[in-house]
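Below is one structure, written out as structure tokens; comments come after it.
The values are calculated or read from the model by the stated rules, or taken from the named source; none is laboratory data. Every value quoted in this text rests on a predicted model; they were computed, and no experiment measured them. Cβ coordinates were reconstructed from backbone atoms using ideal geometry, including for glycine residues, and neighbour counts include every protein chain displayed.
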Amino acid sequence: MFNRPLWGFAGATALVAVALTLGPRADASGHASKFDDLRDVTAPFRAGPAAPWTTEVIDLDGISCITDPDGTGDMGVHYVDVDNLQDGRIRRLAPEALIYEPESDGSNQLVAAEYLVLADAWDAEHQRAPKLYGQRFERVEEGNRYGLPTFYELHVWHERHNSLGTFNDWNPRVYCPE
């Protein structure tokens, strides 16, 4: 997900201060959504990226709005918290990336979060791939379109419904302009 210049990035982004005292809200049926606290944490970023999610991901072909070559759907534009990505940990209320759909007026709308961890760092401490929200992360091998070493990733469509599933990489309701 990153072009080569990302690895030279100085990591000047600030860490997110997460208020862990927020409890989950109840939905109309009286049940708490497992994504309510994630929505609370990302709410200040709905209209566009800001620190610490400031590094825009550009693939090796210079593409930032990621589309599925098979036409299943799009992902959108990813903004990464570089310090968080490089720490080798997964924290439910601190996703490594926020994903935006570009709007025709030039603004961005938050649609999803993505959790990422470099495989070398994770595998040095764990026997199995990471798991969050009951979902096992997908392993993306080195030689990927982003120029990254092998990593694990999990998309969570917490802001935009995804008919393919909450954790699917692609969302047919997200559009990347040409």
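If we keep just the residues of region 124-140 that are part of a loop (DSSP other than H, G, I, E, B) and without any contact (Cβ under 8 Å) to a residue 60 or more places away in the chain, which is surrounded by the most Cβ atoms within 10 Å (Cβ to Cβ)? Among those residues, the one meeting the criterion is Phe137.
Listed here are the residues, each with its yes/no results for (1) more than 23 Å from Asp36 (Cβ to Cβ); (2) part of a loop (DSSP other than H, G, I, E, B); (3) among the aliphatic types (A, V, I, L, M); (4) in contact (Cβ under 8 Å) with a residue 40 or more places away in the chain.
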{"residue": "Val117", "(1), (2), (3), (4)": "yes, no, yes, no"}
{"residue": "Trp122", "(1), (2), (3), (4)": "yes, no, no, no"}
{"residue": "Glu142", "(1), (2), (3), (4)": "yes, yes, no, no"}
{"residue": "Arg145", "(1), (2), (3), (4)": "yes, yes, no, yes"}
{"residue": "Tyr152", "(1), (2), (3), (4)": "yes, no, no, no"}
{"residue": "His155", "(1), (2), (3), (4)": "no, no, no, yes"}
{"residue": "Arg160", "(1), (2), (3), (4)": "no, yes, no, yes"}
{"residue": "Leu164", "(1), (2), (3), (4)": "no, yes, yes, yes"}
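Asp120 falls short on exactly one of the conditions (1) in contact with an Asp or Glu (Cβ under 9 Å, 6 or more places away or on another chain); (2) farther than 19 Å from Asn171 by Cα; (3) acidic (Asp, Glu), and that condition is (1).
Taking the condition under 20 Å from Trp157 (Cα atoms) and modelled with pLDDT under 80, does Ala26 pass? Here the answer is yes, as Ala26 does meet what is asked.
Cβ separations smaller than 6 Å between residues 6+ apart or across chains give the following pairs from region 40-66 residues that are among the aromatic types (Phe, Trp, Tyr) to residues that are in a loop (DSSP other than H, G, I, E, B) and at pLDDT 95 or above: Trp53/Asp81.
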